[in-house]
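Worksheet: the structure to be examined is printed underneath.
The values are calculated or read from the model by the stated rules, or taken from the named source; none is laboratory data. Worth saying up front: this structure is predicted, and the values here are computed from it rather than measured. As a convention, Cβ positions derive from the backbone with ideal geometry for all residues, glycine included, and neighbour counts pool all protein chains shown. Accessible surface is based on the protein model in full, side chains and every heavy atom, while ligands, DNA and RNA are left aside. Shrake-Rupley method; radii C 1.70, N 1.55, O 1.52, S 1.80 Å.
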Amino acid sequence: STPLCPLPHPQPGAPDLLVSPSSQDGELGSECPEDRGNWTGRLDFLLSCIGYCVGLGNVWRFPYRAYTNGGGAFLVPYFIMLAICGIPIFFMELSLGQFSSLGPLAVWKISPLFKGVGMGTILIVSLVAIYYNMIIAYVLFYLFASLTSDLPWQHCGNWWNTELCLDHHVSRAGNSSVPANVSNTVSPSEEYWSRYVLHIQGSSGIGDPGRIRWNLCLCLLLSWTIVYLCILKGVKSSGKVVYFTATFPYLILVMLLIRGVTLQGAWKGIQFYLTPQFDHLLSSKVWIEAALQIFYSLGVGFGGLLTFASYNTFHQNIYRDTFIVTLGNAITSILAGFAIFSVLGYMSQELGVPVNQVAKAGPGLAFVVYPQAMTMLPLSPFWSFLFFFMLLTLGLDSQVRTEPTEPGVPSRQPEGSGEPLLLQFAFLETIVTAVTDEFPYYLRPKKASFSALICIALFLVGLILTTEGGMYWLVLLDDYSAGFGLMVVVITTCLVVTRVYGMKRFCRDIHMMLGFKPGPYFRACWMVLSPATMMALLVYNIVKYQPSEYGNYQFPTWAEALGILMGVLSCLMIPMGMVVAVLQEEGTLWERVQQASRPATGWGPALEENRSGAYVGSLAGSQSPKPLMVHMRKYGGITSYENTAIEVDREMEEEDEEESM
């Protein structure tokens, strides 16, 4: 089988003008670009998706969100929102990628008028990648710090500690009671995080970043190096790496779960986590929280799922994979809650305080609370190393819901804003695949060098995050890079596929791949339920907007304006792309819009052997190349090119009529 080149092949008898530079991705007469590659094993894709969806958010966000929204009762709206919003959009994104074998930018051959959606996706991914790798750098920092016989955050008395530091180990050893009001004291792990790792006391705010923390800088460099090496040979290498990174966290999670439930007081934490409070179900906030958790935990809209699916064989059963991954992600989140809250229950009993005083989410859990709990266990460096190694593997191939709040301080962001979760391998793979699919003749042979340039550029931009005031910049990126813009991207994608491209045509494409069409459940969700739910989330985020803050620090106006600009810029890519697409067409404004909204030349399966029905031997689009339009104006009449487009549309309509009968 021979891959279709971006050069469209003219119909028998069609004028040579059909092969025009305006409809090519390469030069006239050039050979087909280098092959994109495919997954080398049957499980590569499935494990990559599992690693993508099962990540840091499952460990440090879901359990906290569950217990604050009704405990066990939260599972009711959680699984309902999974069915309405999560599974359908997940399946749609996989279908688009597998059918076209294109990345998140080139896939908009489906409707070039909306190519700006792809550009917005790449912008969001790039912004999130900059600060997400900083989270991985923090994990590496703690991983190396665990390679010692005595954890550095175990006791007070270090140069970074203050007089507020309370060493609970010393208190218990001296048979002294722990103060009932622990809010007036600071744990050693908290001061280690804020005063040693971040050294945030060296900065007065976001406008005063201070000096670069070279230990963090080296960890950030190592993080980018690991990611680059893992995808150096494309999906052939990252597909093998994910066999380890997607499965090993489960082994550690089970070890932590077994260790946790065998501790004294573990049931106290589990009971706190799962006790159902059904009165919470009457609150709209709980349903919004459940939808937000589903939306961000599955990582839709970032282009990662679409990119992974684009490397599938054409008939891969993504319908089955969709349910395996989405339900597996939900079950893992629930199990992670047992592992986390069993340890927190033990910790609350040791400290003599309620569970809700030690339960936190996000980095507050990963870098303060859980490390402190590790110091209370025998062989604490061993368990600490395992925990952070699990976070590293989850972070490298998983999504994250970053919520960098100061320990002990409630979240400073509106519910659901700034919840980027992305697969770290998919960061680079999404960006590189998107650009190389646009310029396959030039960039695919140099994919390794191009990937290195992307890594270096993002590393240099991320150096601001390694400074003493880097946490302020991380908070700003977290709040604004992928909240509002990401929802707009996903809503637009759903509406374009169902309204512009057409539900019947999209279902027929899925039938070509899988041998059956999606049932009424998927069609109802795609047409009404999913976009309506996401629009409700978007409105909720706007209504609940609050200015960014970190602890007691209020961000200045210029920083807020910069953050809003970051969020709006990805949305502005959509109308900007429309203007460019319309200007590339000929005719009146309405004719240009119609031409640009139809599938472009070459849209369809990547291999001739997979093309059937309307895609066989046809140019599956109606965008007229400019030289052909010149020919039309000179000689008049309907050209073979336009006649082919008309016949394709007519054939699709006839097929729809036959099926309805």
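Please find, within the range 566-620, the residue that is surrounded by the most Cβ atoms within 10 Å (Cβ to Cβ) out of those that are of a type in the set (S, T, Y) and at pLDDT 90 or above. Please lay out each step first, then the result.
Step one: of the range 566-620, the residues of a type in the set (S, T, Y) are 570, 588, 597, 601, 612, 615, 618.
Filter once more, so that each one left must be at pLDDT 90 or above: 570, 588, 597.
Details: S570: 27, T588: 9, S597: 20.
The selected residue is S570.
Can you pull out every residue in the range 472-481 that is closer than 19 Å to Q554 by Cβ and either in contact with a Lys or Arg (Cβ under 7 Å, 6 or more places away or on another chain) or crowded, with 24+ Cβ neighbours inside 10 Å (or both)?
Let us first name the residues in the range 472-481 that are closer than 19 Å to Q554 by Cβ, namely 472-480.
Passing the criteria: Y472, L474, V475, L477, D478, D479, Y480.
Filter the range 141-158 down to the residues that are open to solvent by 50 Å² or more (accessible area, probe 1.4 Å) and closer than 17 Å to S223 by Cβ and list them by number.
Here is the first cut: in the range 141-158, the ones open to solvent by 50 Å² or more (accessible area, probe 1.4 Å) are 144, 147-150, 155, 157-158.
Of everything in the range 141-158, just one residue is open to solvent by 50 Å² or more (accessible area, probe 1.4 Å) and closer than 17 Å to S223 by Cβ, namely F144.
Could you identify the single residue in L18, L56 that is more than 30 Å from F341 (Cα to Cα) and modelled with pLDDT under 85? I'd like the intermediate steps shown before the answer.
Numbers: L56 fails: more than 30 Å from F341 (Cα to Cα).
Checking each option against the conditions leaves just L18.
Within the range 519-531, which residues are surrounded by fewer than 15 Cβ atoms within 10 Å (Cβ to Cβ) and either modelled with pLDDT under 90 or assigned to a helix (DSSP H, G or I) (or both)? Walk me through how you get there before you give the answer.
First pass over the range 519-531, keeping only residues surrounded by fewer than 15 Cβ atoms within 10 Å (Cβ to Cβ): 519-521, 524, 528.
Within the range 519-531, P520, Y521, A524, V528 meet the criteria.
Among what's in the range 297-322 and is assigned to a loop (DSSP other than H, G, I, E, B) and crowded, with 24+ Cβ neighbours inside 10 Å, pick the residue that is modelled with the lowest pLDDT.
Just the residues of the range 297-322 that are assigned to a loop (DSSP other than H, G, I, E, B), to begin with: 298-303, 310-317.
In the following step, the residues that additionally are crowded, with 24+ Cβ neighbours inside 10 Å were identified as 298-303, 310-311.
Numbers: L298: 88, G299: 84, V300: 87, G301: 87, F302: 87, G303: 88, S310: 91, Y311: 89.
It comes out as G299.
Each row is one residue, and each column tells you yes or no for (1) at pLDDT 90 or above; (2) within 30 Å of L569 (Cα to Cα).
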| position | (1), (2) |
| --- | --- |
| I130 | yes, yes |
| A145 | yes, no |
| P179 | no, no |
| H199 | yes, no |
| R213 | yes, no |
| C217 | yes, yes |
| C230 | no, no |
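Looking only at the range 494-510, count every residue that is under 24 Å from the mean Cα position of the chain (by Cα) and open to solvent by 30 Å² or more (accessible area, probe 1.4 Å) and tell me the total.
1
Taking the options T307, T275, name whichever one is over 18 Å from the mean Cα position of the chain (by Cα) and β-branched (V, I, T). Please lay out each step first, then the result.
Numbers: T307 fails: over 18 Å from the mean Cα position of the chain (by Cα).
The conditions single out T275.
With the requirement that a residue be over 24 Å from G70 (Cβ atoms) and surrounded by 21 or more Cβ atoms within 10 Å (Cβ to Cβ), what does the range 323-345 give you?
Here is the first cut: in the range 323-345, the ones over 24 Å from G70 (Cβ atoms) are 323-325.
Correct list: V325 only.
How many of the residues in the range 253-283 are buried (at least 18 other Cβ atoms within 10 Å of the Cβ) and over 21 Å from A373 (Cα atoms)?
1
Could you look through the range 582-603, keep only residues that are in contact with a Lys or Arg (Cβ under 6 Å, 6 or more places away or on another chain) and outside any helix (DSSP H, G or I), and pick out the one that is farthest from N312 (Cα to Cα)? Full working, then the answer.
Residues of the range 582-603 in contact with a Lys or Arg (Cβ under 6 Å, 6 or more places away or on another chain): 582, 585, 600, 603.
From what is left, the residues that are outside any helix (DSSP H, G or I) are 585, 600, 603.
Numbers: E585: 33, A600: 22, W603: 17 Å.
Across the range 582-603, the extreme among qualifying residues is E585.
Cβ-Cβ under 7 Å, sequence separation 6+ or interchain: first residue in the range 280-295 and at negative phi, partner open to solvent by 10 Å² or more (accessible area, probe 1.4 Å) and part of a helix (DSSP H, G or I). Which pairs?
L281/V76; V286/H280; I288/Y540; A290/M81; A291/M81; A291/T533; I294/M81
Out of (1) within 21 Å of W108 (Cβ to Cβ); (2) without any contact (Cβ under 8 Å) to a residue 40 or more places away in the chain; (3) in contact with a Cys (Cβ under 8 Å, 6 or more places away or on another chain); (4) not aromatic (F, W, Y), the odd one out for I454 is which?
(3)
Filter the range 510-541 down to the residues that are within 20 Å of T493 (Cα to Cα) and either touching a Ser or Thr at 6+ places or on another chain (Cβ under 7 Å) or among the β-branched types (V, I, T) (or both) and list them by number.
Listed by number, the residues that qualify are I510, W526, M527, V528, T533, V539, N541.
If you scan the range 112-150, which residues turn out to be of a type in the set (D, E, K, R) and either within 15 Å of C455 (Cβ to Cβ) or not in a helix (DSSP H, G or I) (or both)? It would help to see each step written out before you state the result.
In the first step, residues of the range 112-150 are kept if they are of a type in the set (D, E, K, R); the result is 115, 150.
Matches in the range 112-150: D150 only.
Restricted to the range 240-256, and to residues that are among the aliphatic types (A, V, I, L, M) and at pLDDT below 85, which residue is nearest to V343 (Cα to Cα)? Explain how you work it out, then say what you get.
Step one: filter the range 240-256 for residues among the aliphatic types (A, V, I, L, M), giving 241-242, 246, 251-256.
Then drop every residue that is not at pLDDT below 85, which leaves 241-242, 246.
On the way: V241: 30, V242: 28, A246: 23 Å.
Per the stated criteria, the residue is A246.
For the structure I just gave you, tell me whether L102 is in a loop (DSSP other than H, G, I, E, B) and under 20 Å from H315 (Cα atoms).
Details: in a loop (DSSP other than H, G, I, E, B): yes; under 20 Å from H315 (Cα atoms): yes.
Against the criterion (in a loop (DSSP other than H, G, I, E, B) and under 20 Å from H315 (Cα atoms)), L102 qualifies.
Please verify whether the range 357-367 includes one or more residues that are modelled with pLDDT of 85 or more, on the phi < 0 side of the Ramachandran plot and either among the hydroxyl-bearing types (S, T, Y) or buried (at least 21 other Cβ atoms within 10 Å of the Cβ) (or both). Talk me through it step by step, then tell me what you get.
Keep residues of the range 357-367 that are modelled with pLDDT of 85 or more, which gives 367.
Now drop any that are not on the phi < 0 side of the Ramachandran plot, which leaves 367.
Next, from what is left, pick out any that are either among the hydroxyl-bearing types (S, T, Y) or buried (at least 21 other Cβ atoms within 10 Å of the Cβ) (or both): 367.
So far as the range 357-367 goes, yes, one or more of its residues are modelled with pLDDT of 85 or more, on the phi < 0 side of the Ramachandran plot and either among the hydroxyl-bearing types (S, T, Y) or buried (at least 21 other Cβ atoms within 10 Å of the Cβ) (or both).
If Y550 satisfies all but one of (1) modelled with pLDDT of 90 or more; (2) surrounded by 17 or more Cβ atoms within 10 Å (Cβ to Cβ); (3) among the aromatic types (F, W, Y), what's the number of the condition it fails?
Every listed condition holds for Y550 apart from (1).
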